[in-house]
Amino acid sequence: MLKRLLMYLSLICLFYLSYWAGFYAYEKTLWFGWKQTLGGDKQAVIFWSSIAYIIILVPLYLLICYVVKIKVKRKYFRLFIYPLFCSLSFILPTIFITTIFGGSSILSPESQLFYSFFASSGIIFGIGYGIISLVFDVS
């Protein structure tokens, strides 16, 4: 019982950590790519990215990790597959955000910022999930 509770708390912390890692990647991509900061747009980026993250990526990450766990039998190979597949899901929340704001181009500079956000978030979540599954021996 306690082990399961610790595992769920670890997953909640991992979702939080991967979201903020993605946000950090967004800010750094904005700075290194365009020498700009978020300024007054910070709250809007946090709001819309967190909605996309909660609605799309939380269930998608869990689904990806569940399917990988079932299909890939070697535990240590999953440590590579989890972050790879989670990071490849970056396109879905970006399309969600650009569709809401009427953006039609998935190759726009704004889309690239969200790609860095959600791809890096997926890498962090995948690595963290792999570690959690090894520590708590989720077979």
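Bear in mind that the values in this text are calculations on the coordinates, not laboratory data. Every value quoted in this text rests on a predicted model; they were computed, and no experiment measured them. Note: ideal-geometry Cβ built from the backbone for every residue, glycine included; neighbour counts use all protein chains shown.
Structural remarks
- Within the straight-line cut-off of under 27 Å between alpha carbons, the lysines reachable from Lys28 are Lys42, sequence neighbours fewer than 8 places apart in one chain being disregarded.
- Pairs of Cα atoms farther than 18 Å apart, the chain, %: 55
- Gain in span if fully extended, Leu88 to Val67, counting 0.36 nm per residue against the direct Cα distance: 6.1 nm
- When only the Cβ of Lys, Arg, Asp and Glu is charged (+1, +1, -1, -1), the dipole of the chain relative to its Cα centre reaches about 660 debye.
- Our summary gives the chain a relative contact order of 37 percent, counting only alpha carbon pairs under 8 angstrom and 6 or more residues apart.
- Most fluctuating residue given options Gly22, Gly122, Gly102, as computed from a GNM of the chain linking Cα atoms under 10 Å: Gly102
- Neighbour-limited loop hits for trypsin sites (Lys or Arg not before Pro), segment 60-139 (at most 14 other Cβ within 10 Å; DSSP other than H, G, I, E, B): Lys73, Arg74
- Note on the chain: helix-only mean residue ellipticity at 222 nm, from DSSP H runs of 4+ residues weighted -39500 (n - 2.57) and normalised by residue number, equals -26500 deg cm²/dmol.
- Normalised convex hull volume, segment 84-139, alpha-carbon set, Å³ per residue: 72
- Exposed loop sites here are chymotrypsin sites (Phe, Trp or Tyr not before Pro) assigned a DSSP state other than H, G, I, E or B and surrounded by at most 16 other beta carbons within 10 Å; excluding them, the longest clear run of the chain is 1-100.
- Straight-distance candidates among the lysines for linking to Lys69, with alpha-carbon spacing under 21 Å and chain neighbours fewer than 8 residues away dropped: Lys3.
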